[in-house]
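This report refers to the structure that appears directly beneath it.
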Amino acid sequence: MKLLQDYSFVRGVCYGWGGDQATIERDLGYAQRLRINSTRIWLMYRQYWQDPKAFIAKLVNYVRTAHSFGISTMPILWNGNMIDVSILEPGYWPTGEQYVADVVNALKDEPGLIMWDIMNEPSCNDYMLKATPEEKPEREAKMWGFVRHFCAYVRQLDPANAITVGHTWVCDIEPTADVVDVISFHDYLETRQRVENTYLEAERLSAKYGKPLLNTELACLGRANPYDMALEICERHHVGWYLFELMVHGYWGDIHGIVYPDGTVRDPAIIAAIMGFHRNRDLATRVRPNPNKEGHVYQALKLVEEALNDDRRVFQHQKKSTDELLEAAEYCANLLEGCEMVAMVDAPTARILAWRKQPEGERDREAIRAFTYDLAQTLKKYCQIL
């Protein structure tokens, strides 16, 4: 894809592209259903050197496969995270150029290529972050010298396709702003005002250098940067985006990711945000759910009471089945979840499903009774029923 002046149409995800063909097609199918139109992928130069021909073949196949799904690709040539600082030395550059040239020449004419990311987060590593005041100028000169060299080298090999650098923070932009085509930054900040300020600064730099913007990483549950907030502000500023990341798996799975391998999702609110719908936080217009509007809370509570009250006639004591308890529990759980009265980090319906998958004889009946009772009490408290 040739250089554009506006990339606000980008609805992307970062993606680990190393799986087999079936896995890649499955995952890209999920992305397609989410109306994702681009992926940002990490290339590992060490993997390239293990078998250059196989690496290039797999890479080309991935880009073509993604393109067949209507999804473009932004390859990342170098990764600043946990960088081997020896590659920053000019003596290594000719070796690095062999790798880069092979990748660029293989992909530069592919219609599925959207742009080159020369390096992901050059400043996010111990080499940069732990530099003493005395070391900092020399280390910055080495890092930015390396990045600028490969910006120029890729431009020489491929003068047509756009170049960017995926900067860790907006404050990192200027060392490469004059040698890229697209200004790219990451934003994982913790409050609306901090995120807003990031976009204002990015827009200032975009105007200063006359170059379009992209946010190539955003949204992280563990950094107080939820998808709903991050996407709402990003889209209000008309900036294209790449969420980190598509799949819920691996090392980052507990704080990143949208879709599980089986096609279920972490949180439907994330899907809504991707589709451009955001939670109403206006106390003046929000409508509080009323689960008892048609008397269903009373019916659910009655079902719980019947399930908890075993037949205790003398000589004929008979316990209610766990299926009856779970049926009552689900009635309550669906009201509680549907009306957002419980935390979904431990969704009641998930626990009910887990019990139902067990044979009757293996279920912990007393745990199910206590769980059902607690759901009923939560429902009564929310609806203020004595």
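The values are calculated or read from the model by the stated rules, or taken from the named source; none is laboratory data. Treat the numbers as computed from the prediction; the structure is a model and nothing was measured. All Cβ positions, even for glycine, are placed from backbone atoms using ideal geometry, and neighbour counts span all protein chains on display.
Side notes on the structure shown:
- Residue in region 131-142 that is of a type in the set (Gly, Ala, Ser), crowded, with 18+ Cβ neighbours inside 10 Å, in the same structural domain as Ile56 (by TED's automatic domain parsing) and outside any loop (DSSP other than H, G, I, E, B) present: no
- Single condition Gln193 does not satisfy, out of (1) closer than 20 Å to Ile36 by Cβ; (2) free of Cβ contacts under 8 Å to residues at least 24 places away in the same chain: (1)
- Count - residues of region 271-290 that are under 25 Å from Leu379 (Cβ atoms) and among the β-branched types (Val, Ile, Thr): 1
- No other residue among Val154, Val60, Val103 is farther than 29 Å from Trp169 by Cβ and of a type in the set (A, V, I, L, M, F, W, C) apart from Val60.
- Scanning region 73-103 for residues that are among the β-branched types (Val, Ile, Thr), in contact (Cβ under 8 Å) with a residue 24 or more places away in the chain and surrounded by fewer than 20 Cβ atoms within 10 Å (Cβ to Cβ) yields a count of 2.
- In the set (1) loosely packed, with under 15 Cβ neighbours inside 10 Å; (2) more than 24 Å from the chain's Cα centre (by Cα); (3) not assigned by TED's automatic domain parsing to the domain that holds Gln156, the condition left unmet by Asp6 is number (2).
- Boolean, Ala230 is of a type outside the set (D, E, K, R) and over 10 Å from the mean Cα position of the chain (by Cα): yes
- Single residue of region 143-156 satisfying the filter (out of contact with any Pro (no Cβ under 9 Å at 6 or more places or on another chain) and of a type outside the set (Lys, Arg)) that is surrounded by the fewest Cβ atoms within 10 Å (Cβ to Cβ): Gln156
- Of all residue pairs spaced 6 or more apart or on separate chains, those with beta-carbon atoms under 6 Å, a first member in region 264-288 that is in contact (Cβ under 8 Å) with a residue 60 or more places away in the chain and a second member that is outside any loop (DSSP other than H, G, I, E, B) and surrounded by 14 or more Cβ atoms within 10 Å (Cβ to Cβ) are Ile271/Val265.
Here is a yes/no grid of residues against (1) surrounded by fewer than 11 Cβ atoms within 10 Å (Cβ to Cβ); (2) part of a helix (DSSP H, G or I):
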site: His256; (1), (2): no, no
site: Asp262; (1), (2): yes, no
site: Ile271; (1), (2): no, yes
site: Gly276; (1), (2): no, no
site: Arg279; (1), (2): no, no
site: Ala284; (1), (2): yes, no
site: Pro289; (1), (2): no, no
site: Lys293; (1), (2): yes, no
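- A residue that is surrounded by 13 or more Cβ atoms within 10 Å (Cβ to Cβ), β-branched (Val, Ile, Thr), without any contact (Cβ under 8 Å) to a residue 24 or more places away in the chain and in contact with an Asp or Glu (Cβ under 9 Å, 6 or more places away or on another chain) occurs somewhere in region 349-362.
- Residue selected from region 304-348 under the condition basic (Lys, Arg) and within 19 Å of Arg363 (Cα to Cα), by the criterion modelled with the lowest pLDDT: Lys319
- Within region 1-27, the only residue that satisfies the criterion of being hydrophobic (A, V, I, L, M, F, W, C), in a loop (DSSP other than H, G, I, E, B) and under 15 Å from Val60 (Cα atoms) is Trp17.
- The residue list Arg64, Arg35, Arg40 contains one member that is among the basic types (Lys, Arg) and either part of a helix (DSSP H, G or I) or not assigned by TED's automatic domain parsing to the domain that holds Leu129 (or both), which is Arg64.
- Among the residues making up region 161-198, those that are hydroxyl-bearing (Ser, Thr, Tyr) and part of a loop (DSSP other than H, G, I, E, B) are Thr168, Thr176, Tyr188, Thr191.
- Test: Met128 is part of a helix (DSSP H, G or I), surrounded by 17 or more Cβ atoms within 10 Å (Cβ to Cβ) and either touching a residue at least 12 places away in the same chain (Cβ under 8 Å) or on the phi > 0 side of the Ramachandran plot (or both): yes
- Some residue of region 314-335 being outside any helix (DSSP H, G or I) and touching a Pro at 6+ places or on another chain (Cβ under 7 Å): no
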